[in-house]
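Trainee: The structure that follows is given in the form of structure tokens.
The values are calculated or read from the model by the stated rules, or taken from the named source; none is laboratory data. This is a predicted model, so every value here is computed, not measured. Note: ideal-geometry Cβ built from the backbone for every residue, glycine included; neighbour counts use all protein chains shown. In case anyone asks, the SASA skips ligands and DNA or RNA and just uses the protein heavy atoms, side chains included. Shrake-Rupley method; radii C 1.70, N 1.55, O 1.52, S 1.80 Å.
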Amino acid sequence: MNEVFDMHTRLSAALHDRAEAWRFVADFAAYWQQPLRPGDGWSVAEVEAAERRLGLVLPAALREAYLLLGRRTDLISNHDTLLGPDELHVVDGALVYRVENQGAATWGVLLEDLDHDDPGTVMRSDLADKSQERWEAWESSLTVACIDMVMSEAVLFGAGFTDFLEGDAEEAGLVGRFRELPTVGRDVRWFADADVLIRELDGFCLNVRAQTEKALDQLRNSVPGDWLEG
């Protein structure tokens, strides 16, 4: 994409419409990573094989995600991992579809919600006392969870113009300087302009992706701190 990608307007629409969400994901990938291409997703036959193995039908939104971008590791499995259809499994009444990179958490959909096209998701922390583990409500829908996944994996992708800084948006002077995006993701704030995408995680750290080395250097120079790569 050569034209500027209006993150704010497009994300606002994507959070409320599933078809618009997949258009957002495709255009986001083209602008911040590489365009989606045929073969970036799993085949219908592979998804249906998983359904037969599990004895259930995947929600439409999860099926659509697999078909669209299920093999694009830079968007789905650079840090945490979207499980392949052949890796899907059930744990205590939920279909597990994503795992944290060190196994500290898993994300799923309750089996009782699988008949919804775009059900909410749940999260389960890995605890020393397994008897205390519970599924907790997470994102409002699978498409919202997928948008957060794609955006988060992009700023965490090792290749390209990315960096990391401890601190929050206020300390870094981002508020008012960059446009804050609509809320997507738990404990996360997003900021962007045409050249820089920034994720603030739980008031603890900033993950940054830039379009160019110049844009990244300008951000580093304007925000003092111990940048990981700078």
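Trainee: Of all the Cα-Cα pairs you can form in the chain, what percent are over 30 Å apart?
Mentor: 25
Trainee: Using only Cα atoms and rounding to the nearest 10 degrees, what angle (0 to 90) does helix 44-54 make with the longest principal axis of the chain?
Mentor: Computed tilt is about 60 degrees.
Trainee: Sum -39500 (n - 2.57) across every DSSP H segment of at least 4 residues in the chain, then divide by the residue count to get the 222 nm mean residue ellipticity, nearest 500.
Mentor: -9500 deg cm²/dmol
Trainee: For the pair Q218 and E46, what calculated FRET efficiency results from E = 1/(1 + (r/R0)^6), where r is the Cβ-Cβ distance and R0 = 41 Å, to the nearest 0.05?
Mentor: 0.40
Trainee: Averaged across orientations, what area in nm² does the convex hull of the alpha carbons in the range 1-115 project?
Mentor: Taking a quarter of the hull surface, the average projection is 7.9 nm².
Trainee: Moving on. Can you send over the carbon and sulfur percentage of the accessible area for the chain, probe radius 1.4 Å, protein chains only?
Mentor: 48
Trainee: Enter the angle in degrees (range 0 to 90, nearest 10) between the Cα long axis of helix 213-222 and the first principal axis of the Cα atoms of the chain, meaning the one along which they spread out most.
Mentor: 70
Trainee: If you count only protein heavy atoms and use a 1.4 Å probe, how large is the accessible surface of H89, to the nearest 10 Å²?
Mentor: Approximately 70 Å² of H89 is accessible to the 1.4 Å probe.
Trainee: Keeping all protein chains in place and using 1.4 angstrom, which order do W227, W135 fall into by accessible surface area, from largest down?
Mentor: Descending accessible area places them as W135, W227.
Trainee: Based on the Cα atoms of the range 88-134, what semi-axes does the equivalent ellipsoid have, where each is the square root of 5 times one gyration tensor eigenvalue, given in whole Å with the largest first?
Mentor: So the equivalent ellipsoid measures 20, 12, 8 Å along its semi-axes.
Trainee: Right, next: P(r) for the range 1-63: what percent of alpha-carbon pairs falls in each 10 Å bin, starting at zero?
Mentor: Percent of Cα pairs in each bin: 19, 38, 29, 13, 1.
Trainee: Where the convex hull is taken over the Cα atoms of the range 167-230, what is its projected area averaged over directions, in nm²?
Mentor: Mean projected area of the Cα convex hull: 4.1 nm².
Trainee: Please quote Rg/Rh for the range 49-154 to two decimal places, taking the Kirkwood radius as Rh and restricting both calculations to Cα atoms.
Mentor: 0.94
Trainee: In whole Å and largest first, what semi-axes does the C-alpha gyration tensor of the range 113-161 yield when each eigenvalue is scaled by 5 and square-rooted?
Mentor: After diagonalising the Cα gyration tensor, the semi-axes are 25, 19, 6 Å.
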